[in-house]
Amino acid sequence: MTGVGRVVALISGSLVAIILLLASIGDDVLLHVHVGQWNLLWHTGILGIIFSAGKGLIPDASVRPKHVAGYHAGMDADLVAVAAHTHHMPDRWRGRGAKNETKDEFSSLYQYKAIEFVHEVLSVVTAPLVLCFSLPQCAEIICEFVRRTTMEVPGVGDVCGFGCFDFTKFEDE
(Lines give C-alpha, C1' and ligand atoms only; values in the text may rest on other atoms or scores of the structure.)
Protein backbone atom coordinates (compact mmCIF):
# COMPACT_ATOMS: atom_id res chain seq x y z
CA MET A 1 0.00 0.00 0.00
CA THR A 2 2.94 2.31 0.56
CA GLY A 3 3.92 2.09 -3.11
CA VAL A 4 0.37 2.82 -4.24
CA GLY A 5 0.22 5.81 -1.89
CA ARG A 6 3.48 7.19 -3.25
CA VAL A 7 2.35 6.86 -6.88
CA VAL A 8 -1.04 8.45 -6.16
CA ALA A 9 0.58 11.32 -4.23
CA LEU A 10 3.18 11.87 -6.97
CA ILE A 11 0.69 11.98 -9.84
CA SER A 12 -1.95 14.08 -8.09
CA GLY A 13 0.68 16.41 -6.61
CA SER A 14 2.25 16.89 -10.04
CA LEU A 15 -1.09 17.75 -11.61
CA VAL A 16 -1.88 20.23 -8.82
CA ALA A 17 1.55 21.82 -9.33
CA ILE A 18 0.86 22.21 -13.07
CA ILE A 19 -2.56 23.76 -12.40
CA LEU A 20 -1.09 26.16 -9.83
CA LEU A 21 1.68 27.08 -12.28
CA LEU A 22 -1.00 27.92 -14.87
CA ALA A 23 -2.89 29.90 -12.22
CA SER A 24 0.23 31.94 -11.46
CA ILE A 25 0.27 33.08 -15.10
CA GLY A 26 -3.27 34.36 -14.87
CA ASP A 27 -5.75 33.95 -12.05
CA ASP A 28 -8.72 33.73 -14.40
CA VAL A 29 -7.38 30.39 -15.68
CA LEU A 30 -8.74 28.55 -12.62
CA LEU A 31 -12.30 29.76 -13.15
CA HIS A 32 -12.65 30.02 -16.91
CA VAL A 33 -10.77 26.99 -18.24
CA HIS A 34 -12.95 23.90 -18.19
CA VAL A 35 -11.86 20.26 -18.40
CA GLY A 36 -15.02 18.27 -19.01
CA GLN A 37 -17.86 20.18 -17.44
CA TRP A 38 -15.89 21.47 -14.43
CA ASN A 39 -13.38 24.28 -14.13
CA LEU A 40 -9.76 23.89 -12.99
CA LEU A 41 -10.55 25.12 -9.47
CA TRP A 42 -12.86 22.12 -8.98
CA HIS A 43 -10.20 19.78 -10.38
CA THR A 44 -7.59 21.32 -8.05
CA GLY A 45 -9.80 20.55 -5.05
CA ILE A 46 -10.43 16.96 -6.14
CA LEU A 47 -6.73 16.40 -6.83
CA GLY A 48 -5.95 17.82 -3.38
CA ILE A 49 -8.28 15.25 -1.82
CA ILE A 50 -6.66 12.47 -3.84
CA PHE A 51 -3.21 13.75 -2.82
CA SER A 52 -4.22 13.66 0.85
CA ALA A 53 -5.55 10.10 0.50
CA GLY A 54 -2.29 9.03 -1.16
CA LYS A 55 -0.21 10.65 1.59
CA GLY A 56 -2.35 8.85 4.16
CA LEU A 57 -1.21 5.51 2.75
CA ILE A 58 2.47 6.37 3.30
CA PRO A 59 3.72 5.54 6.83
CA ASP A 60 5.22 8.38 8.82
CA ALA A 61 9.03 8.06 8.89
CA SER A 62 9.29 9.91 12.22
CA VAL A 63 7.12 7.31 13.93
CA ARG A 64 9.12 4.31 12.68
CA PRO A 65 12.17 5.32 10.65
CA LYS A 66 13.37 2.68 8.24
CA HIS A 67 17.06 2.40 9.23
CA VAL A 68 17.33 2.94 12.95
CA ALA A 69 19.20 0.90 15.53
CA GLY A 70 16.76 -1.29 17.43
CA TYR A 71 14.16 -1.34 14.66
CA HIS A 72 13.83 -5.13 14.82
CA ALA A 73 13.71 -5.07 18.61
CA GLY A 74 10.89 -2.53 18.38
CA MET A 75 8.93 -4.82 16.08
CA ASP A 76 9.41 -7.70 18.52
CA ALA A 77 8.27 -5.48 21.39
CA ASP A 78 5.17 -4.50 19.40
CA LEU A 79 4.34 -8.17 18.83
CA VAL A 80 4.71 -8.88 22.55
CA ALA A 81 2.41 -5.93 23.31
CA VAL A 82 -0.22 -7.31 20.93
CA ALA A 83 0.19 -10.76 22.48
CA ALA A 84 -0.56 -9.28 25.89
CA HIS A 85 -4.04 -8.42 24.59
CA THR A 86 -4.70 -11.36 22.28
CA HIS A 87 -2.94 -14.07 24.34
CA HIS A 88 -1.54 -15.51 21.12
CA MET A 89 2.19 -15.56 20.40
CA PRO A 90 3.52 -18.61 18.54
CA ASP A 91 7.15 -19.52 19.18
CA ARG A 92 8.00 -19.01 15.52
CA TRP A 93 7.17 -15.27 15.92
CA ARG A 94 9.64 -14.69 18.78
CA GLY A 95 12.59 -12.63 17.60
CA ARG A 96 11.18 -12.48 14.05
CA GLY A 97 8.88 -9.46 14.31
CA ALA A 98 10.38 -7.73 11.26
CA LYS A 99 10.22 -10.77 8.95
CA ASN A 100 7.72 -10.86 6.09
CA GLU A 101 6.59 -14.38 7.02
CA THR A 102 5.57 -13.17 10.48
CA LYS A 103 3.74 -10.17 9.01
CA ASP A 104 1.89 -12.36 6.50
CA GLU A 105 0.84 -14.86 9.15
CA PHE A 106 -0.23 -12.09 11.53
CA SER A 107 -2.21 -10.39 8.74
CA SER A 108 -4.01 -13.63 7.92
CA LEU A 109 -5.10 -13.98 11.55
CA TYR A 110 -6.22 -10.40 12.14
CA GLN A 111 -8.17 -9.06 9.15
CA TYR A 112 -9.13 -5.47 8.47
CA LYS A 113 -12.52 -4.42 9.79
CA ALA A 114 -13.80 -3.85 6.26
CA ILE A 115 -12.99 -7.44 5.28
CA GLU A 116 -14.64 -8.73 8.46
CA PHE A 117 -17.72 -6.66 7.60
CA VAL A 118 -17.88 -8.17 4.10
CA HIS A 119 -17.61 -11.67 5.61
CA GLU A 120 -20.45 -10.90 8.02
CA VAL A 121 -22.68 -9.63 5.20
CA LEU A 122 -21.90 -12.72 3.11
CA SER A 123 -22.67 -14.99 6.07
CA VAL A 124 -26.14 -13.44 6.31
CA VAL A 125 -26.69 -14.54 2.72
CA THR A 126 -25.07 -17.98 2.91
CA ALA A 127 -26.39 -19.12 6.33
CA PRO A 128 -29.98 -19.60 5.12
CA LEU A 129 -28.69 -21.52 2.10
CA VAL A 130 -26.77 -23.90 4.37
CA LEU A 131 -29.79 -24.27 6.64
CA CYS A 132 -32.10 -25.00 3.70
CA PHE A 133 -29.96 -27.40 1.71
CA SER A 134 -27.33 -29.01 3.95
CA LEU A 135 -28.98 -29.18 7.37
CA PRO A 136 -32.06 -31.27 6.42
CA GLN A 137 -29.79 -34.14 5.40
CA CYS A 138 -28.01 -34.04 8.80
CA ALA A 139 -31.08 -33.40 11.00
CA GLU A 140 -31.57 -37.04 12.03
CA ILE A 141 -27.92 -37.45 13.03
CA ILE A 142 -28.01 -34.22 15.05
CA CYS A 143 -31.21 -35.21 16.86
CA GLU A 144 -29.78 -38.64 17.68
CA PHE A 145 -26.63 -37.04 19.11
CA VAL A 146 -28.72 -34.72 21.30
CA ARG A 147 -30.82 -37.69 22.57
CA ARG A 148 -27.71 -39.74 23.34
CA THR A 149 -25.77 -37.04 25.18
CA THR A 150 -28.52 -35.31 27.15
CA MET A 151 -28.35 -35.74 30.94
CA GLU A 152 -30.67 -34.42 33.60
CA VAL A 153 -28.89 -32.60 36.39
CA PRO A 154 -31.00 -31.94 39.53
CA GLY A 155 -31.60 -28.23 40.01
CA VAL A 156 -30.29 -27.42 36.55
CA GLY A 157 -32.32 -29.44 34.10
CA ASP A 158 -31.27 -31.09 30.85
CA VAL A 159 -27.66 -30.43 29.83
CA CYS A 160 -25.15 -31.93 27.42
CA GLY A 161 -23.37 -34.86 29.04
CA PHE A 162 -19.97 -33.74 27.79
CA GLY A 163 -20.45 -30.46 29.69
CA CYS A 164 -20.76 -32.38 32.96
CA PHE A 165 -17.39 -34.09 32.40
CA ASP A 166 -18.88 -37.48 33.21
CA PHE A 167 -16.17 -39.60 31.56
CA THR A 168 -17.59 -42.87 32.84
CA LYS A 169 -20.76 -42.49 30.77
CA PHE A 170 -19.33 -40.39 27.96
CA GLU A 171 -15.91 -41.61 26.89
CA ASP A 172 -13.06 -39.20 26.39
CA GLU A 173 -12.13 -39.56 22.72
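The values are calculated or read from the model by the stated rules, or taken from the named source; none is laboratory data. Keep in mind the model is a prediction, meaning the values are calculated, not measured. Note: ideal-geometry Cβ built from the backbone for every residue, glycine included; neighbour counts use all protein chains shown. Quick note on the areas: whole protein, heavy atoms, side chains included, nothing else; ligands and nucleic acids left out. Shrake-Rupley method; radii C 1.70, N 1.55, O 1.52, S 1.80 Å.
Structural remarks
- Accessible carbon and sulfur surface of region 78-173 relative to its total accessible area, %, 1.4 Å: 62 percent
- Prolate/oblate/rounded label for region 3-53 (Cα gyration tensor, a/c 1.5): prolate
- Theoretical gain in end-to-end length, V29 to Y110 [0.36 nm per residue, Cα-Cα removed]: 24.2 nm
- Nearest-ten-degree value, helix 113-133 long axis tilted from longest Cα axis of the chain: 40 degrees
- Exposure of R92 as accessible area (Å², to 10), given a probe of 1.4 Å and all protein chains: 140 Å²
- Potential lengthening of the chain between T150 and D166 amounts to 4.6 nm, from the contour at 0.36 nm per residue minus the alpha-carbon distance.
- Theoretical FRET efficiency, 1/(1+(r/R0)^6), r = Cβ-Cβ of E120 and D91, R0 30 Å, to 0.05: 0.40
- Sequentially through region 161-167, phi angles give Karplus couplings (6.51, -1.76, 1.60; θ = phi - 60°) of x, 5, x, 8, 6, 8, 7 Hz, Gly and Pro residues having no value and appearing as x.
- Descending semi-axes in Å of the chain, equivalent ellipsoid built from Cα gyration tensor: 58, 29, 12
- Sites A98 and R6, calculated FRET efficiency, Cβ-Cβ separation with R0 35 Å, nearest 0.05: 0.95
- Å² per residue, accessible surface of the chain at 1.4 Å: 79 Å²
- Residue ranges 113-126, 4-17 sort as 4-17, 113-126 when ordered by packing (mean number of other C-beta atoms within 10 Å per residue, highest first).
- Average projected area [Cα convex hull, region 90-173], square nanometres: 10.6 nm²
- Rounded to the nearest 10 degrees, the inclination of helix 40-56 to the longest alpha-carbon principal axis of the chain is 40 degrees.
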